[in-house]
Structure formats: C-alpha cells, structure tokens
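Here's the structure, in structure tokens; my notes come after.
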Amino acid sequence: MADTIFDRIIRREIPADIVYEDDAILAFRDIAPAAPVHVLFIPKKPIATLNDATDADAALIGKLVLAATRWAKAQGFADKGYRLVTNCNQDGGQTVFHIHVHLLAGRQMHWPPG
Ligand code: 5GP
C-alpha cells in the first residue's frame, strides 16, 4: 500500500496534535476541523479503505471505534453526543487512503450529511 500522510504522522515525520495513542491506534486533531471537536482515529496498521479490511482486521476495527467512544467519554461530551464517520472511496468523500474514523462533536450534527 502506498505511503500516506497518516503514515508520516505515525512515524512522527510531520507534526500532529496527538490526543490518544496505544499499541494499535493513534488519534490526532484534524488539520481542517469540521466541528469544534474533530479528531481522527487511525489504526497504525495501514489499511487503505474499508473495502480492504478483512476478517483478520475485525478486532482492530472494533478497537478503533472503542478508542473513539472511550475518548469521547473521557472528554465529557459522550452523553451530549457526537458523530463517528468513515468515508470510503470517491463517492464517500475519502481523501486519505489509510482507514480513519472521524470523531465530530461540539455542535448539532445534521442529517442527511452533505
Ligand atoms: P477523508 O476525507 O479521507 O475522510 O478525511 C481525511 C481527513 O484528514 C480530512 O478531514 C483532512 O482535513 C485531514 N487531513 C489531511 N491531511 C492532514 C494532515 O496533514 N494533518 C491532519 N491533522 N489532518 C489531515
């Protein structure tokens, strides 16, 4: 899989505002926030899109979502609410081809999204 900007953030080659890290997951603030809180949760394992995740990645995908929900609880806005989003490929609006979960919070979200 081709190197992405997120691989460079994992390797600390470019700076990022990192808010959470464990052995499998890294989370950092989005450079172009779409909400008062906008954090990207990524697996350290490079998986390009959701389409590329396999059964072998089931636990990792679960950890990714749980890391985001745990962080939302720790930050104190989980009860008020938040949104998790993963875009896939062109129609989904994906621009960085390393799976990530957007955690958006701090404002009223709308449905349907744009
Ligand atoms: P996607 O469009 O693939 O769902 O989301 C990619 C996200 O990565 C975008 O929200 C974009 O603002 C963010 N992003 C792109 N490059 C960088 C970067 O170098 N640093 C950070 N922190 N976020 C980035």
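Test I31 against the criterion of being within 15 Å of the chain's Cα centre (by Cα) and either acidic (D, E) or crowded, with 17+ Cβ neighbours inside 10 Å (or both), and give yes or no.
no
Can you list residue pairs whose Cβ atoms sit under 6 Å apart, with the first residue in region 15-43 being of a type in the set (F, W, Y) and the second being away from the ligand (no atom under 11 Å from the Cβ)? Count only pairs 6 or more apart in sequence or on different chains.
Partner pairs satisfying both residue conditions: Y20/W71; F41/L64; F41/A67; F41/A68.
Go through P15, P36, P46 for me and flag whichever is open to solvent by 40 Å² or more (accessible area, probe 1.4 Å), under 13 Å from the mean Cα position of the chain (by Cα) and at pLDDT 95 or above.
P46
Looking at region 1-54, which of its residues are among the basic types (K, R) and either in contact with a strand residue (DSSP E or B) (Cβ under 9 Å, 6 or more places away or on another chain) or within 14 Å of the ligand (Cβ to nearest atom) (or both)?
R8, R11, R12, R29, K44, listed by residue number.
Out of the residues in region 37-66 that are charged (D, E, K, R) and assigned to a helix (DSSP H, G or I), which is nearest to V101 (Cα to Cα)?
K63
Looking at (1) assigned to a helix (DSSP H, G or I); (2) open to solvent by 50 Å² or more (accessible area, probe 1.4 Å); (3) away from the ligand (no atom under 16 Å from the Cβ), find the lone condition where T69 falls short.
The failed condition is (2).
Would you point out the residue of region 18-28, among those that are out of contact with any Leu (no Cβ under 8 Å at 6 or more places or on another chain), in a strand (DSSP E or B) and under 21 Å from A48 (Cα atoms), that is most open to solvent (accessible area, probe 1.4 Å)?
Looking at residues that are out of contact with any Leu (no Cβ under 8 Å at 6 or more places or on another chain), in a strand (DSSP E or B) and under 21 Å from A48 (Cα atoms), I get E21.
The values are calculated or read from the model by the stated rules, or taken from the named source; none is laboratory data. Please read these numbers as outputs of a predicted model, since none were measured by experiment. Virtual Cβ from ideal backbone geometry, glycine too; neighbours counted across all protein chains shown. Each accessible area value is taken on the protein alone, full model and side chains, heavy atoms only, with ligands, DNA and RNA left out. Shrake-Rupley method; radii C 1.70, N 1.55, O 1.52, S 1.80 Å.
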